[in-house]
Every structure is written in C-alpha cells, then in structure tokens.
Amino acid sequence: FHRDQIGKIYLVFDGKRCPLKVVTNNEREKRRQNNISDARKYKQQGNRQKAAEKYRSSIKIHPNFADAIAKALMKVFKRNKNFQCVFSPYEADAQLVKLCIDGRADAIITEDSDV
C-alpha cells in the first residue's frame, strides 16, 4: 500500500476485563506468575536466554500504559484527521470487528494472541 491509499487508521486498545473471561484471565495470571518464577530460576542458573524468554511471557500491560501511548500518539498525529485512538469497552478484537461491520474499516491488523 502507498500511504495515499490508506484511509482512516484506528488504534484500538482493550478496555476493561471482560467478566465472561474471568476463568481465562485467572489462568493467564497464574501462567504469568509461573513464568516470572521460572525466569528468576533460569537467571540464577545463568541461563539468560531462557530467563529472557520467560520474562517476555510474563509481561502484563497496565491500563495507564495504554493511556500514555494513546496520548503520545494523539500528539504526534494531532493534525492528521485520519488517525484515531479508540478504547474498546472490553476486548479490542470485538471492537475491531464492529468497525468492519459498520463499514468504518476495510482491514484489521492485530497482535492479539487469542484472535
């Protein structure tokens, strides 16, 4: 794509945790905690590569971080009417689908691991 061919760009962030996914979220939190524990063990053993892998698997993004990113990007793109940050009520993937259904988006790019 050439940038002249791209219409509006939406950067969609997750909102609140979905109450229907409480079991999934609890399982993910347990896995994160196990990964942190494993990473510390690997680090003590001198296995930096395995430790780094486990630390990466334990990353959790705080909602304040998403707010800060959105604010910074809005400053960068403040004159660009084709860029918008959106906070989904719950899951970003559902919001992305809604943007397509409503004809406001032609394509979706996501890094969400459960999509």
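Among the residues of region 90-115, those identified as exposed (fewer than 11 other Cβ atoms within 10 Å of the Cβ) and either among the hydrophobic types (A, V, I, L, M, F, W, C) or closer than 17 Å to ARG17 by Cβ (or both) are ILE101, ALA107, ILE109, SER113, ASP114.
Residue-by-condition table, conditions (1) at pLDDT 95 or above; (2) among the β-branched types (Val, Ile, Thr):
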residue: GLN33; (1), (2): yes, no
residue: PRO63; (1), (2): no, no
residue: ILE69; (1), (2): no, yes
residue: ALA72; (1), (2): no, no
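Selection over region 16-33 of residues that are open to solvent by 80 Å² or more (accessible area, probe 1.4 Å) and either within 20 Å of LYS54 (Cβ to Cβ) or touching a residue at least 60 places away in the same chain (Cβ under 8 Å) (or both) gives a count of 7.
Restricting attention to region 59-92, which residues are hydroxyl-bearing (Ser, Thr, Tyr) and touching a helix residue (DSSP H, G or I) at 6+ places or on another chain (Cβ under 8 Å)?
Listed by number, the list holds a single entry, SER88.
In region 34-68, the qualifying residues are those that are assigned to a loop (DSSP other than H, G, I, E, B) and not hydroxyl-bearing (Ser, Thr, Tyr), and the one that is surrounded by the most Cβ atoms within 10 Å (Cβ to Cβ) is ASN47. Checking each residue in region 74-95 for being outside any loop (DSSP other than H, G, I, E, B) and out of contact with any Gly (no Cβ under 7 Å at 6 or more places or on another chain) picks out MET74, LYS75, VAL76, PHE83, GLN84, CYS85, VAL86, ALA92, ASP93, ALA94, GLN95. With respect to the conditions (1) more than 14 Å from the chain's Cα centre (by Cα); (2) outside any helix (DSSP H, G or I), LYS71 falls short on a single one, namely (2). Cβ separations smaller than 7 Å between residues 6+ apart or across chains give the following pairs from region 86-105 residues that are touching a residue at least 60 places away in the same chain (Cβ under 8 Å) to residues that are surrounded by fewer than 17 Cβ atoms within 10 Å (Cβ to Cβ) and β-branched (Val, Ile, Thr): GLN95/VAL86; LEU96/ILE108; LEU96/THR110.
The values are calculated or read from the model by the stated rules, or taken from the named source; none is laboratory data. Just so it is clear, the model here is predicted, and its values are computed rather than measured. Neighbour counts are summed over all protein chains in view; Cβ atoms, including those assigned to glycine, are modelled from backbone coordinates with ideal geometry. Side chains included, ligands, DNA and RNA excluded: accessible areas come from the protein's heavy atoms. Shrake-Rupley method; radii C 1.70, N 1.55, O 1.52, S 1.80 Å.
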